[in-house]
Amino acid sequence: MSDTVTPTSSRGLSVRGATKVYPGTTALDSVDLDVAPGEVVALLGENGAGKSTLSSIIAGVTSPTEGTMTWQGQPYSPADPGDAISQGIGLIHQEMRLLPDLSVAENVLVGRWPTRAGFLDERRMKEQAGATLRKLGFTGRLDQQVRELSVAGQQQVEIAKALMLDARLLILDEPTAALGQAETDALFATVAELKREGVSFIYVSHRLSEIARIADRIVVLRDGRQVAAHDDAQVSPDQLVEEMVGRSVARLFPDIAAPTETEVLRVEGLSSDTGRFRDIDLTVAKGEVLGIAGIVGAGRTELVRAIAGADSRVTGRVVVDGRDVVLGDSRSAIRAGVVLVPEDRKQQGVIVDQSIEDNIVLPSLPVLGSGGWVGRATVRRVAEHAARSLGVKGRLQDPASSLSGGNQQKVVISKWLQLAPKVVILDEPTRGIDVGARASIYEVVAALAASGTAVVVVSSDLDEVLGLAHRVMVLADGESRGVLSRAEATPGRVMSLATA
């Protein structure tokens, strides 16, 4: 890439023989890594490959079992994240760690609020936070609570918080997972600007299409070991996938059969009282996959939540198999056969402290029980069948928090499939999921369509929408700008409508 400072490894980060052993497993095995000033090194691998473990060691979250590090020519062994930050190394987590009841500006500068005469200087705080957020394309209010933001907005706040640390090396863990194209472009422009100032980056992402744009070099991990390294980022996604998973994944998107002409879902004049979307009409047929595309803030998530009855402040009609669904009533939508797999699986999809099997059977309890009681044997039998059908890996008695992101997503999907839904809505179904798990989620979508289920897919990953959908609805500023057939839905055409 351009804008790269000449590497001088003695002034950057050097990791040698990094190893992390947990009881019964080796998470990282003798990994070396160099990051020079002004360089972006992409760190790739499936979930469980060791990326997060290596990042946590560098950021002081955990200590290595073996291995040494140097930073800016000096021995480096951070005691905790605060120690790493004080030495100029910060980590932007994929799982956001914001304070939901504080404002956007307060979160960006948390722990470093500017004061004047012993009191919070709110004006200066907003100026400092606003300057960084604007570079990232943030369009929300600085005084609104973080809990009111979309997932994409929260991700921008998380990134801004890290950028305010004045770090010389930033570890970006799936920073664009919740961002649309415009927000991703803004982030990449900020990275390029910081690179010119000599700031280094370790970039972790499952979006392989981004790697050639953002990275200077690539390191690939598999099963805790380094299996490949590339001196530039111009490597085909197919080759990277094969290195990551140890086998060829020749066809990421499965063939999806043509849909029937039998209408299952009809939406007429659906509008949000808050103005997030207006006068939306759409139909989905039996066995059809309808993609919904648009930049962040277009109203995609708000629309599908309204269709699923999760948001009450709406007007219009939602009709399933010719029968009206009560708006704002999720129970009515579920009874009609409409289920939603939400974009934030940890906050809205699974109960992380509950077991995998309990998560899977939760929506089915009313039909499984007798006299208000459900036997454990019944729970286990249903959960085992569901887990086996979707390939959920893990002991069913373990908490959902023990699963990888891909397996958590399979749990969310499988719990709804027990109800034999007529319409399945998937909002950002592969956010933060590795390429192997992503392919298996796509197979689930294909299987749902083949069974006659109507599927709606919302995604910030345009390739995903185009690869799965029979038709694509493009939203912009809360309005439908058109519905394109598969032949019409080229990247250029979709982005032209999304930004018009």
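Taken together, the values in this text are just the output of simple stated rules run on the coordinates, not laboratory data. Here the structure is a predicted model, which means the values were calculated and not measured. Every residue, glycine as well, gets a Cβ built from its backbone with ideal geometry; the counts of neighbours run over all protein chains shown.
Full extension of the chain segment joining Ala182 with Lys393 gains 72.4 nm, where the gain is 0.36 nm per residue of separation less the Cα-Cα distance. By the rule of a C-alpha distance below 19 Å, with chain neighbours fewer than 8 residues away ignored, the aspartates and glutamates paired with Lys415 are Glu343, Asp344, Asp353, Glu357, Asp358, Glu384, Asp398, Asp427, Glu428, Glu443. Each of the GluC sites (Glu not before Pro) that DSSP puts in a loop and that has at most 15 other Cβ atoms within 10 Å breaks the chain; the longest unbroken stretch is 262-487. For the chain, the calculated P(r), taken from all Cα-Cα distances in 10 Å bins from zero up to the bin holding the longest distance, is 4, 18, 28, 26, 17, 6, 1, 0 percent. Shown for the stretch 263-498 is the translational diffusion coefficient from the Stokes-Einstein equation, using the Kirkwood radius over Cα pairs, a temperature of 4 °C and a viscosity of 1.567 mPa s: 72 µm²/s. Across the stretch 386-500, the volume of the C-alpha convex hull divided among the residues equals 119 Å³ per residue. Remark: the stretch 295-376 is approximated by an ellipsoid whose semi-axes, taken from the C-alpha gyration tensor as √(5λ), come to 27, 19, 8 Å, largest first.
Which percent, nearest 5, of DSSP beta bridges in the chain are antiparallel?
On the way: 43 of 77 bridges.
Around 55 percent antiparallel, to the nearest 5.
For the chain, no complete DSSP H run has alpha carbons reaching 27 Å or more along its own long axis together with a mean Kyte-Doolittle score of 1.0 or higher.
What pairs from Lys126/Lys195; Lys286/Lys410; Lys346/Lys393 go past 19 Å between their alpha carbons?
On the way: Lys126/Lys195 25 Å; Lys286/Lys410 22 Å; Lys346/Lys393 17 Å.
Result: Lys126/Lys195; Lys286/Lys410 exceed 19 Å.
Taking each DSSP H run with n ≥ 4 as -39500 (n - 2.57) and averaging over every residue of the chain yields -9500 deg cm²/dmol at 222 nm.
Extension gain, Thr65-Asp321: 0.36 nm per intervening residue step, less the Cα-Cα distance, totals 86.3 nm.
With a simple spin-label model that places each label point 7 Å from the Cα along the Cα-to-Cβ direction, the separation between Leu120 and Thr274 comes to 2.2 nm. Sequence-distant contacts, meaning Cα pairs under 8 Å at least 6 residues apart, place the relative contact order of the stretch 306-378 at 20 percent.
Contact order, relative form, for the chain: 15 percent (alpha carbon pairs under 8 Å, 6 or more residues apart, mean separation divided by residue count).
Rounded to the nearest 0.05, the FRET efficiency derived from the C-beta distance between Ala377 and Glu197 at R0 = 41 Å is 0.10.
Given the convex hull of the Cα atoms of the stretch 25-172, what is a quarter of its surface area in nm²?
Numbers: hull surface 42.3 nm².
Projected over every direction and averaged, the Cα hull of the stretch 25-172 covers 10.6 nm².
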